[in-house]
Structures are given as C-alpha cells and as structure tokens.
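Heads up: the structure comes next, in structure tokens.
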C-alpha cells in the first residue's frame, strides 16, 4: 500500500470512527445539547489540525470583556451599553485590532449590519468584509448573541458536514443490533413521544409478542414492585422481553431493580433476553432517578421531537414505512401521498408552535406520534371507501377528534382547524404554496414527476 493510499485510508477510518462515536453520543442526548456537543467536537478537531487558534476559541467560549472600556461614541449608541465592554474586548483578538475606530468611521454600515435580521449571513462593513465565519461568530458573541446559534450551526456544517447538524430520524430497527442481555435499553420520555410501538415493532420481528407472554410491558406504579421483579427474573431465564415504563415514579425501587438485574446476569441470562426501561428526565439536573451503574451500562435513547420544521417533517414522515405506500396502491396512491405530506406538515407545525410558549398555544397539549399514526390509518380507510376524497370529513376527524381531543381552549381549536383548512384541501394536489419564502415557487406538476 502506497503512502498516499495509506493516508487516505487512515483519514477515511478517522472520519468514520469520529462520526459513529458522535452519533452514538447524540442518540442519548437532549435536543438542546446536541449542537453543543457537535460544536465542541468540531473545535477540538480544528485546534488539533492547526486550523483554529486555541486562544481565539477560548475568547469565543469565555467572551472577552474589557475591564475599563472607553466612553461609547455617540455614533455607536445603537449598540446596547451592556454589550459595549464585550465589543471593546474583541480588540484583544488580532483580527479585530482597532475595531472601535473602524466602527466609528463606518458607523452607518455597522448600524445596518447590527439591525439586520440575519447578521450571520449578510455583508459586513468593508473593513471586516473578508473575515472568516469563525471570526464572525466572535462578533456575534459580543454584539448579537441571539444569532450565534445559527452561525455555529453553519460553521459546524461547513467544517464537519451537514450530518453533524441534521440527524436522520431515529430508527429502532437499526438500533436493535446493538441490544444484548447485558445491556438494557433506556428510553427518555418526552411529551408526545411513546417508545412502546417501536419496541413492539422489533419485538414482533423477533417473535416476542404480548399475546403469548414472550413480551411483558409493565407500567410502573404503587403495588407493581414484586410483580415487576418476578417478570424480570422469569424473562431472564426464559429469554423473553420485558419493558418497565415510567420508572421515574419508583426511584426507591430502582435500587432493587439494579440488584436483581445483576443477579439475572450472574445466573446466566438467556441469549434472547432483552430489558427496556423508560423514564422522564429529572425535574432538576442534580436529581438522580436511575442508578449510575444502570445508566453507564445501558443503551440510551432520547428520541425527542426536534424544534425546527424541517426535522419535524422528516421525523413525522419516517413513521410511515413502505407498507403504507404499497397499501395505498390499491386505492388512490397520488391522493394518499399528497394528503399524507399535508398531514405530516400539519403535525410538524402544531408541534413547532410549542417553542413559542403561550403565544404558540394557550395551554400545553401532548400531541403525540400515536395521533399521527391513527390519522394515517384514517386516511387509508377513507380513501379506500369513498370515490371522491372526503376533505371535510378528514378535517373534522383530525381537528375535532384526534388532535382536537387534546385541545381545551376555543382559540387554540380555531388555530388548529385553520391549519387543516389550509393544508387538507383539493389544492394540495395542485401548485399549493407551502412557504412564504421570497422567490420560492412550487414545482409545476405538468413538468415534474410526482413521487
């Protein structure tokens, strides 16, 4: 093997191992922390490769602040006084030498940049027009911290690849190969996310079902302690699957579970034995629910619904496998595909509104994947039954029964139904405009193939 081939091979292996390690870590991480991990990894690699100066990286982390900043010029009063020490502190970084004087000479251009909706991507004033994205991050850290997250997302995507920013929807089937008797699978519970159907799916593939007793699903609560321990021991001996849900309600019992799980393994667990646990995250970071030994040895899965629309649509669409589209070929395939996309768009939009707090929904509603799946089944049944698509009936079932069953506020119900009126209608088969983005035009179906 030539030196060039060896170097390429080593580089490919390094990239693969790095991504697999990151992906394993990301799977068990909260959505809010994923960008932090990918950013730290990106900077550590760039520093090791000599592409990033560690002192400048530290300036980004710590936020350089001038101890005794000079008086703020009248022309720069558009910058809040609280941010002025950080702006002056940037002059400690070589790229920003004499930054304040440059800003004073170009104060109109700096004002325009500062007030821009997306300063991470718009043009900077001429004196700093050629700085790198990393140094732009330093500027945003000091002057527009609200846009730093978007800039870091772009920075990691440019240097590491988009796969470090946009994760594929969680696939329980791909994760199944990592499960074994010695490694319990731990699911973190979030509003609207139920891991039970996914565990039942891989259980069915392995001939472990509840009807013949080979799969036991226990919702933990008072009075279930002895039954749960017995189910654990029996499953370990017989090679069955057992799932303990909501163990955050039984913090004291978890110590008994830890002890008995070790006993099952020491006595020789059956090769087909699998154990699943689900728990809500603790209310406060310092609170412990799951014993440390269980957490360290378990396969951790935090399948939290993402907050951005694109990832939510991708995640919603992943809930419908090829069987659904094969089944649709027996009735109205094109109508099914279009309306299913509209349903996924609707599901993603109402989930995304929660990030706006009371401005999104007046009250908190646990819209979940079960609602989405059942609405998909309703769509199948109605398309197979009626000659014409019953848009009104579908909107009523979605807005008043399935999703509307969660809603208790009349204004929230009106918002929910407005989305359905816009998305579940005959225009979805034509050139429906699903975005208000300037310059975007929906593709002409006469010139493109529908898929």
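The values are calculated or read from the model by the stated rules, or taken from the named source; none is laboratory data. This one's a predicted model, so the numbers in the text were calculated from it and none came from an experiment. Virtual Cβ from ideal backbone geometry, glycine too; neighbours counted across all protein chains shown.
Do the conditions hold for residue 197, that is, is it modelled with pLDDT under 90 and in a helix (DSSP H, G or I)? Yes, satisfied.
Considering 342, 357, the condition of being modelled with pLDDT under 90 and out of contact with any strand residue (DSSP E or B) (no Cβ under 9 Å at 6 or more places or on another chain) is satisfied by 357 alone.
The single condition among (1) at pLDDT 90 or above; (2) out of contact with any helix residue (DSSP H, G or I) (no Cβ under 8 Å at 6 or more places or on another chain) that residue 435 does not meet is (1). So which residues in region 9-50 are in contact with a helix residue (DSSP H, G or I) (Cβ under 8 Å, 6 or more places away or on another chain) and not in a helix (DSSP H, G or I)? Scanning region 9-50 gives a single hit, 29.
In region 306-324, of all residues being part of a helix (DSSP H, G or I) and in contact with a helix residue (DSSP H, G or I) (Cβ under 7 Å, 6 or more places away or on another chain), the one that is nearest to residue 380 (Cα to Cα) corresponds to 324.
In region 328-339, what count of residues is obtained for those that are surrounded by fewer than 14 Cβ atoms within 10 Å (Cβ to Cβ) and in a helix (DSSP H, G or I)? The qualifying residues number 1. Residue under question is residue 159, and the condition is that it be touching a residue at least 60 places away in the same chain (Cβ under 8 Å), under 30 Å from residue 98 (Cα atoms) and surrounded by fewer than 19 Cβ atoms within 10 Å (Cβ to Cβ); does it hold? Here the answer is yes, as residue 159 does meet what is asked.
The number of residues in region 181-208 being without any contact (Cβ under 8 Å) to a residue 40 or more places away in the chain and closer than 23 Å to residue 268 by Cα comes to 2.
Among 342, 370, 357, which is in contact (Cβ under 8 Å) with a residue 12 or more places away in the chain, assigned to a helix (DSSP H, G or I), surrounded by fewer than 19 Cβ atoms within 10 Å (Cβ to Cβ) and in the same structural domain as residue 313 (by TED's automatic domain parsing)? Of 342, 370, 357, the one residue that is in contact (Cβ under 8 Å) with a residue 12 or more places away in the chain, assigned to a helix (DSSP H, G or I), surrounded by fewer than 19 Cβ atoms within 10 Å (Cβ to Cβ) and in the same structural domain as residue 313 (by TED's automatic domain parsing) is 370.
Each residue in region 204-226 was checked for being surrounded by fewer than 16 Cβ atoms within 10 Å (Cβ to Cβ) and in contact with a strand residue (DSSP E or B) (Cβ under 7 Å, 6 or more places away or on another chain), and 3 pass. Considering the conditions (1) touching a residue at least 24 places away in the same chain (Cβ under 8 Å); (2) outside any helix (DSSP H, G or I), residue 376 is excluded by exactly one of them, (2).
Whether a residue is within 26 Å of the chain's Cα centre (by Cα), within 12 Å of residue 63 (Cβ to Cβ) and surrounded by 15 or more Cβ atoms within 10 Å (Cβ to Cβ) was assessed, and residue 148 passes this test.
In summary, residue 134 fulfils each of the numbered conditions (1) over 23 Å from residue 43 (Cα atoms); (2) surrounded by 20 or more Cβ atoms within 10 Å (Cβ to Cβ); (3) in contact (Cβ under 8 Å) with a residue 40 or more places away in the chain with the single exception of condition (1). Looking at region 280-288, can you tell me whether even one residue there is in contact with a strand residue (DSSP E or B) (Cβ under 8 Å, 6 or more places away or on another chain) and either crowded, with 18+ Cβ neighbours inside 10 Å or more than 22 Å from residue 29 (Cβ to Cβ) (or both)? No; the residues of region 280-288 include none that is in contact with a strand residue (DSSP E or B) (Cβ under 8 Å, 6 or more places away or on another chain) and either crowded, with 18+ Cβ neighbours inside 10 Å or more than 22 Å from residue 29 (Cβ to Cβ) (or both).
Meeting the requirement of 1 or more residues that are more than 26 Å from the chain's Cα centre (by Cα) and assigned by TED's automatic domain parsing to the domain that holds residue 205, the strands (runs of 3 or more DSSP E) wholly within region 223-305 are 241-245, 274-279.
Looking only at residues of region 394-409 that are in contact with a helix residue (DSSP H, G or I) (Cβ under 7 Å, 6 or more places away or on another chain) and surrounded by fewer than 21 Cβ atoms within 10 Å (Cβ to Cβ), we find that the one that is nearest to residue 340 (Cα to Cα) is 395.
Please determine whether any residue of region 63-79 is part of a helix (DSSP H, G or I), in the same structural domain as residue 146 (by TED's automatic domain parsing) and closer than 22 Å to residue 159 by Cβ. Checking region 63-79: not a single residue is part of a helix (DSSP H, G or I), in the same structural domain as residue 146 (by TED's automatic domain parsing) and closer than 22 Å to residue 159 by Cβ.
Just one of the listed residues (158, 123, 146) is touching a helix residue (DSSP H, G or I) at 6+ places or on another chain (Cβ under 8 Å) and part of a helix (DSSP H, G or I), namely 158. The single condition from (1) touching a helix residue (DSSP H, G or I) at 6+ places or on another chain (Cβ under 6 Å); (2) surrounded by fewer than 20 Cβ atoms within 10 Å (Cβ to Cβ); (3) outside any helix (DSSP H, G or I) that residue 352 fails is (3).
Return yes when residue 420 is at pLDDT 75 or above, within 25 Å of residue 329 (Cβ to Cβ) and surrounded by 16 or more Cβ atoms within 10 Å (Cβ to Cβ) and no when it is not. The answer is no for residue 420.
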